[in-house]
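Structure record follows, encoded as structure tokens.
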Amino acid sequence: MTMIAIMKRLLWPVAFCLLSCARSAPQPAPVMAFSTPIADTTVALHQTVASTVDTLILWKTHIPHKRIATVCAYVYDGDTIKTSDGIAVRFLGINCPEIAHPDRGESQPEPFGNDARDYLLRTLKGREITLIVPDEEPTDRYGRTLALVLSDSKVINVELVRLGLAKTYFLDNRAIINEQAWYEIQDNARKASAGIWSLP
């Protein structure tokens, strides 16, 4: 037997094994093509998540406004307070159920009216707050300052909506508000039957 024949006999099993292993090895997964770039999808997801938590999304910082640092001295009801420096503040963008006004012949509060007021008493009274007051139409027809009220990095106007203690109310100055985000929060409160949304 020649040397070549001997080598073929010795190497053939090795070649057969290598060929079999190559055929049975898993093939690489095909590359998937996305019609929307992944980067764009990530940005969209970030914006969706942020819309419920980021105050920069809840209100538009580029709209001209003033920041007033003050202290909440008195709570009239769920959407009206008075500051230590005498500013009567009407919460911008919301409307809360009314409390009782015996002087006006309204002896009974509306459902959740007292709850909204009590929330402000617990959250704001005697505490430092920041008022965000738009330069355009800064007051309502009663002379009250229209403002977003910030406390502990929260927009309290929106917290009242989130808890079902207020409804969105955009008849007054609304340019500074991201209405879509507020409606989203109100819709979540409605779906959860929170506060006023639990009423029949």
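Segment 60-82 and segment 109-174 have Cα centres lying 7 Å from one another. Could you run the Debye sum over the Cα atoms of segment 76-200, one equal point scatterer each and no solvent, and tell me log10 of I(q)/I(0) at q = 0.14, 0.19 Å⁻¹, two decimals? Relative scattering, expressed as log10 I(q)/I(0), comes to -0.59, -1.10. Here segment 94-143 is treated as an ellipsoid with the same Cα gyration tensor; its semi-axes, largest first and in whole Å, are 24, 18, 9. Normalised by 2.2 N^0.38 Å, where N is the number of residues, the alpha-carbon radius of gyration of segment 52-118 equals 1.37. Taking 15 Å as the straight-line reach from the Cα of LYS66, the aspartates and glutamates in range (excluding those fewer than 8 positions away in the same chain) are ASP135, GLU136, GLU137.
For LYS191, the lysines whose Cα falls under 24 Å of its own Cα, not counting residues fewer than eight places away in the same chain, are LYS154, LYS167.
Throughout, read-outs are computed from the coordinates displayed, never taken from laboratory work. Keep in mind the model is a prediction, meaning the values are calculated, not measured.
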